[in-house]
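In what follows, a single structure is set out as structure tokens and then discussed.
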Amino acid sequence: MKHKPELTLAKYDPNLLLDSLIRKFKLKNDADLARLTDLHVSVISKLRHRRAHITPGVMICLHESTGMSLRELRALMGDNRHYYLLTRASAPQNTADNYDYPVEDVGDRERDIEHAY
């Protein structure tokens with residue numbers, strides 16, 4: 001059985017998000033959407049024509065200007081992936097035991113730097 005990616009180009013469409021925002025806020029065009037969201041018109045154009053990706057910064061800007069949740073904004077553009085938070089308790093600790101190579105003693109290097117000056 002082949003693994004299918006969760007997000008395919010058929011599902012993901014930033015135009016769905018932009019068109020939904022225009023309808024929800026009763027705007028006329030992308031220029032009005034740009035004024036509402038404080039994004040430049042060229043950014044909206046690049047997103048619409050898929051010359052640029054919707055970055056986390058754009059999503060946060062949309063969230064702040066529209067008051068919609070990030071989950072709702074992601075759903076509007078067809079991004080329905082589920083994310084799992086890697087908690088600190090389950091994350092590997094950054095110790096010398098986790099590495100196969102020897103770790104340099106930092107104290108020796110600090111002493112050498114002190115004596116060099």
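The values are calculated or read from the model by the stated rules, or taken from the named source; none is laboratory data. Since the structure is predicted, the reported quantities are computational estimates derived from the model, not experimental observations. Neighbour counts are summed over all protein chains in view; Cβ atoms, including those assigned to glycine, are modelled from backbone coordinates with ideal geometry.
Do any residues in segment 66-77 that are under 18 Å from Leu39 (Cα atoms) have Cβ atoms under 7 Å from those of residues that are among the hydrophobic types (A, V, I, L, M, F, W, C), where the two are at least six apart or on different chains, and which pairs are they?
Note: pairs meeting the criteria are Thr66/Leu21; Leu70/Met59; Leu73/Leu17; Leu73/Met59; Leu73/Leu62; Met77/Leu16; Met77/Leu17; Met77/Ile54.
Considering (1) modelled with pLDDT under 95; (2) assigned to a loop (DSSP other than H, G, I, E, B); (3) more than 19 Å from the chain's Cα centre (by Cα), say which one Asp97 fails and leave the rest.
With respect to (1) modelled with pLDDT under 95; (2) assigned to a loop (DSSP other than H, G, I, E, B); (3) more than 19 Å from the chain's Cα centre (by Cα), Asp97 is out only on (2).
Where residues in segment 31-83 are more than 19 Å from Lys11 (Cα to Cα) and assigned to a loop (DSSP other than H, G, I, E, B), which of them is nearest to the chain's Cα centre (by Cα)?
Ser69
Within segment 37-52, work out how many residues are in contact (Cβ under 8 Å) with a residue 24 or more places away in the chain and of a type outside the set (Asp, Glu).
Within segment 37-52, residues that are in contact (Cβ under 8 Å) with a residue 24 or more places away in the chain and of a type outside the set (Asp, Glu) number 5.
In contact with a Gly (Cβ under 7 Å, 6 or more places away or on another chain) and under 19 Å from His63 (Cβ atoms) - does that describe any residue in segment 23-40?
no
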